[in-house]
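Enquirer: To start, I am sharing the structure in question, which I have written as structure tokens.
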Amino acid sequence: MKKSIFIVLLATSMCLAGCSSDAGKISEIQAEENRETATVEVVEEARKPNEQKVPEAKSDVSANDMPVETDEKTALDESVKSEGVHWGNEDVTNDYENNQSVFVDSNAVEKQESDIEEELIVAENSLKIQGLVETDLSLSLEELKAMEDIIFEGDFYWLNSFGTTGHTHFKGVNLWKLLETRASIKSEATFVSVTAQDGYKMQFTIDQVKKQDYIDETNPDASFPIIVAWEENKEEYSTDKGAPFKLVVGQKEAGDTNKPQWVSDIDKIIVE
Ligand SMILES: Nc1nc2c(c(=O)[nH]1)N[C@H]1C(S)=C(S)[C@@H](COP(=O)(O)O)O[C@H]1N2
Ligand SMILES: [Mo]
């Protein structure tokens with residue numbers, strides 16, 4: 001509260017210092033200053049009764065704490081209620097929101113905004129599964145990590161369209177098992193579309209998603225499901241830039257350019 005008044009006064013004095021050389025503007029500034037001073041006074045006035053009310057409320061409350069087993073206690077409760085002054089500070093603010101809107105509401109709005117922002121970040125960074133499923137899902141990284149029975153980790157071989165190759169280690173959940181055991185995918189489903197936050201999209205048939213033996217053309221012993229990874233080369237994706245998940249697919253056969261089928265920053269998985 002004091003900060004707001006300080007800022008108003010500071011702004012006023014800065015304006016005076018900056019404009020005082022311009023004689024033509026002084027009366028205008030003076031008028032403005034008077035208005036601002038008036039605002040400060042109104043605000044000060046508005047504060048006074050409330051500042052008095054808070055300790056009053058506290059003394060009521062502490063009196064109320066005393067072991068009074070008579071009608072007096074009820075009377076006290078009723079007076080506290082009718083004044084709108086209760087135990088916590090939140091209730092006290094309700095009592096004078098009209099007078100105090102500058103102070104009280106700005107705090108409330110700020111708090112609300114940060115709550116909403118936090119919720120949005122959580123929603124943005126969750127893995128959403130929708131469409132032909134019995135259970136729509138919105139899973140946080142923590143929830144996915146807890147699905148120990150369907151976690152898969154391995155070295156995926158990749159070949160991209162320019163012919164470059166390599167291996168990358170990924171850890172995540174088995175997509176088919178996720179759809180089957182957590183989302184209860186419907187029997188009529190035919191496709192699974194994976195969309196990214198930048199609009200990138202890959203569509204797979206159900207059979208492609210069911211397949212548990214994608215290959216690495218350089219390693220005959222390797223076998224992979226399609227996974228939703230949250231960890232690449234032992235490092236988790238940052239949540240700063242978007243959802244921390246990547247769809248990773250092995251090769252169907254030797255020469256399969258599998259890398260473009262990966263989807264970074266997954267937004268949604270839609271069963272169609
Ligand atoms: N969201 C998103 N995912 C994407 C792409 C993209 O542009 N956006 N490019 C694809 C292509 S063409 C390739 S080769 C790989 C690159 O994978 P990397 O980012 O793990 O190197 O990501 C694929 N996934
Ligand atoms: Mo690519």
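The values are calculated or read from the model by the stated rules, or taken from the named source; none is laboratory data. A quick note: this is a predicted structure, and the numbers were derived from the prediction, not measured. Neighbour counts are summed over all protein chains in view; Cβ atoms, including those assigned to glycine, are modelled from backbone coordinates with ideal geometry. Side chains included, ligands, DNA and RNA excluded: accessible areas come from the protein's heavy atoms. Shrake-Rupley method; radii C 1.70, N 1.55, O 1.52, S 1.80 Å.
Enquirer: Along the Cα→Cβ direction, 7 angstrom out, place labels at residue 213 and residue 186. What is the inter-label distance in nm?
Expert: 3.2 nm
Enquirer: Still on this structure, I have one more. Once phi is turned into θ = phi - 60°, what whole-Hz ³J(HN,Hα) does the Karplus curve with 6.51, -1.76 and 1.60 give for every residue of the stretch 236-247, x standing for Gly and Pro?
Expert: 6, 5, 6, 8, 5, 9, x, 4, x, 9, 10, 7
Enquirer: For the stretch 178-227, which trypsin sites (Lys or Arg not before Pro) are both in a DSSP coil and crowded by at most 14 other Cβ atoms within 10 Å?
Expert: 186
Enquirer: Still on this structure: Which net charge results for the neighbourhood of residue 270, defined as the other residues with beta-carbon distances under 13 angstrom from its beta-carbon, given Lys and Arg at +1 and Asp and Glu at -1?
Expert: +1
Enquirer: Amide H neighbours of residue 267 under 5 Å, at least 5 residues apart or on other chains, H built in the peptide plane: list them.
Expert: When sequence neighbours closer than 5 places are left aside, the close amide H contacts are 195, 196, 197.
Enquirer: Largest first and in whole Å, give the semi-axes of the stretch 195-261's equivalent ellipsoid, each being the square root of 5 times a Cα gyration tensor eigenvalue.
Expert: They are 23, 15, 10 Å, listed from largest to smallest.
Enquirer: Quick one: if you stick a label point 7 Å off each Cα along the C-beta vector at residue 233 and residue 202, how many nm between them?
Expert: 1.9 nm
Enquirer: List, in order, the whole-Hz ³J(HN,Hα) value for each residue of the stretch 221-227 obtained from phi through the Karplus relation with A = 6.51, B = -1.76, C = 1.60 and θ = phi - 60°; use x for Gly and Pro.
Expert: Listing the rounded values in order: 7, 7, 7, 9, x, 6, 10 Hz.
Enquirer: I'd like the carbon and sulfur percentage of the solvent accessible area for the stretch 201-264, probe radius 1.4 Å, heavy atoms only, ligands and nucleic acids excluded.
Expert: Looking at the stretch 201-264 in its full context, I get 43 percent from C and S.
Enquirer: Grab the other residues whose beta carbon is less than 10 angstrom from that of residue 204, score K and R as +1, D and E as -1, and report the net.
Expert: +1
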